[in-house]
Amino acid sequence: RLKKSLQQPSKSQFYFFREGPVMAAMLGSFCHGMLEKREKLLSNNGLSDSRFTDIESNDLLKGESNGRSRLCCCFSCGNIRGKISGLYQDSKEVARKAWEMGVSDPRKIVFSAKIGLALTIVAVLIFFQEPNPDLSRYSVWAILTVVVVFEFTIGATLSKGFNRALGTLSAGGLALAMAELSTLTGDWEELFCTINVFCIGFLATFMKLYPAMKAYEYGFRVFLLTYCYVLISGCRTGEFVEMATSRFLLIALGAGVSLGVNMFIYPIWAGEDLHNLVVKNFMNVATSLEGCVNGYLRCVEYERVPSKILTYQASEDPVYKGYRSAVESTSQEESLMSFAIWEPPHGPYKSFNYPWQSYVKLSGALKHCAFTVMALHGCILSEIQAPEERRQVFRQELQRVGVEGARLLRELGDKVKKMEKLGPVDILFEVHLAAEELQHKIDKKSYLLVNSEYWEIGNRSKESHSEPQELLSLEDSDPQETLEAPLPVYAFKSLSEAVLEIPKSWGEKNHREPLNRRPTLSKQVSWPARLVLPPHVETTNGASPLVEATKTYESASALSLATFASLLIEFVARLQNVVDAFEDLSKKANFKEPEIDTAATEERAGLGRKIRRCFGL
């Protein structure tokens, strides 16, 4: 029975095969009914079930394979198209950036063309076996010299060329001497050369690390390379003199071609770049100073301080970008100065030993002022901000200090650019006068910068708290009305004033121009915007915790204004160092005398005398 059942399966045990496990249709199921109908159709058509299943399975396999091949083909074509499109877009972006770089500084294109020309000249000389036919097998040294020595500026090319020539000459001579000594050692020649390589490598590297030898670091590298190459190769071939001479001649050929092409075809001078960089720093710091003062008076608020500013990275903010470029130019200035020292007299720099160090000193004095501008920008970025009403009290004085400080920096930058000395008029007079006016205004209105409640003697009138705007009211009023009116908060004397009886003008009615309502980026609010106070705080004089905390926050925000004003005064004080450094540079570099406009000078000098008389100076 088991045999028969296996040989002749019943309808309920119908099996079919398809690439995977055997599937059986259970009796009474939907699949079982479908299989019965299909079996009847097959029996009527005279086709066997096995044949039908084979054909069906083959068709299914072919369809699946065709579908998979078509799908794979579509995917592969799509990937190829995507890669080609991405490569095309990347190529366009690279070409665009290269074009922008060339347009922004055409000297880079000229420099690239000059290197190509120098390499072409050396290759032509080698092909024609000039100047010596026997040097062709060492021609690689001439090509390497052009590639390594040819720099963007003439000073850098001279510096590297001198270092390479000095290192090659000294290493070649020392290698020849050691080679002669090695011949006396007989069978110990290889050991002698190995010990020499170690000793010379140690000494040269140690001397290179000495601070005074920093300018000759490249020369030490060339020295080590030449010494090891000549000594080790000469030990094998025995051609010490020929190898050292050939190397020196080819290096001299490459250095001469590089220097000639770089100096006589569109020369680029490191000294001129240093000069222009110092001028640019003056203009950038002046722009940042004006931006800080204007932004503070317009109550410009950053919705969110850029993370690049917080981490001192490059940013597109104009105020931040200006002073940061001046501060970050230290390494560039030192590098340009070290190359400018090698350059011969040229253009307006017509003297040997030109005082390039004085340019760096002048830029250092400017950076000392730029640090103050950085602190001013920090006041704008700070979370603690003074109210707009209190800023407007000092608006005129702050604005004038900013304008005069920026004007002085631009004037000094223009003097450096034109290489002119200062005129007979004191260039610091106007900015010092503006700073004195700001200091006088701070002394007069200092009650706005601190909490004056704790200065008074006796009890203050409770009604004064109901009108805080009275504190800032600077409108014109009649003197008689002022005397009859009740004294404001700031009219009470402190303990020191009562004892010493120091006269103060705080009781006088003050004046303030109307608020400037120019359109602004956004308005800052006094810090903090929302107060969160513990309910159990105990205070003195029976005041509520909310009142005490509010007074604390108001005092902190007022100190922000005092910080900004004091930083401006500090900036003016540091300008004296900048002027002194400029005068030192103008004397050492023999700047030309300025063109003096007699009428304008007399008018300005007359105005200065009038102002001095006014202040009793």
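Read the figures in this text as sums done on the coordinates, not as results from a lab. What you see is a predicted model, and the numbers here were worked out from it, not measured in a lab. Ideal geometry is used to build each Cβ from the backbone, glycine not excepted, and the neighbour counts take in all protein chains shown.
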Sort 351-364, 88-101, 417-430, 372-385 by packing, meaning the average of other beta carbons within 10 Å per residue, with the highest value first.
372-385, 351-364, 417-430, 88-101
For the range 331-375, count all C-alpha to C-alpha pairs, find those more than 12 Å apart, and express that count as a whole percent of the total.
66 percent
Total charge dipole magnitude, the range 98-264, about the Cα centre, Cβ charges on Lys, Arg, Asp, Glu only, Debye to nearest 20
580 debye
According to the square roots a ≥ b ≥ c of the eigenvalues of the Cα gyration tensor, what is the shape class of the range 277-345, taking rounded for a/c under 1.5, prolate for a/b larger than b/c otherwise, and oblate for the remainder?
oblate
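Could you rank the peptides 328-340, 244-256 by their average count of other C-beta atoms within 10 Å per residue, with the highest value first?
Going from most to least packed, we get 244-256, 328-340.
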Take the Cα atoms of the range 249-407, find their three principal axes, and give me the spread along each one in whole Å, biggest first.
76, 32, 22
Compare the peptides 298-304, 171-177 by average per-residue count of other Cβ atoms within 10 angstrom and give them in order, highest first.
171-177, 298-304
Full extension from residue 202 to residue 588: what is 0.36 nm times the residue separation minus their Cα-Cα distance, to one decimal in nm?
134.7 nm
Give me the orientation-averaged projected area of the Cα convex hull of the range 98-264, in nm², one decimal.
11.6 nm²
List, in the order given, every pair from 92/321; 108/321; 417/587; 280/415 whose Cα-Cα distance in the structure shown is over 20 Å.
92/321; 108/321
Which of 248, 205, 129 sits closest to the plus end of the dipole of the range 98-264, meaning its Cα is farthest towards the positive end, when Lys and Arg get +1 and Asp and Glu get -1 on the C-beta?
205
Determine, for 269, 188, the number of other Cβ atoms within 10 Å of each Cβ, and report the residues in order from fewest to most.
188, 269
For the range 366-455, rounded, prolate or oblate, judged on the Cα gyration tensor with a ≥ b ≥ c (square roots of eigenvalues), a/c < 1.5 rounded, else prolate if a/b > b/c?
prolate
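Which ordering of 226, 563, 205, 145 is given by a fewest-first count of other beta-carbon atoms within 10 Å?
Values: 226 25, 563 18, 205 12, 145 28.
Ranking 226, 563, 205, 145 by Cβ neighbours within 10 Å, fewest first, gives 205, 563, 226, 145.
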Could you line up 560, 139, 170 from fewest to most neighbouring Cβ atoms inside 10 Å?
170, 139, 560
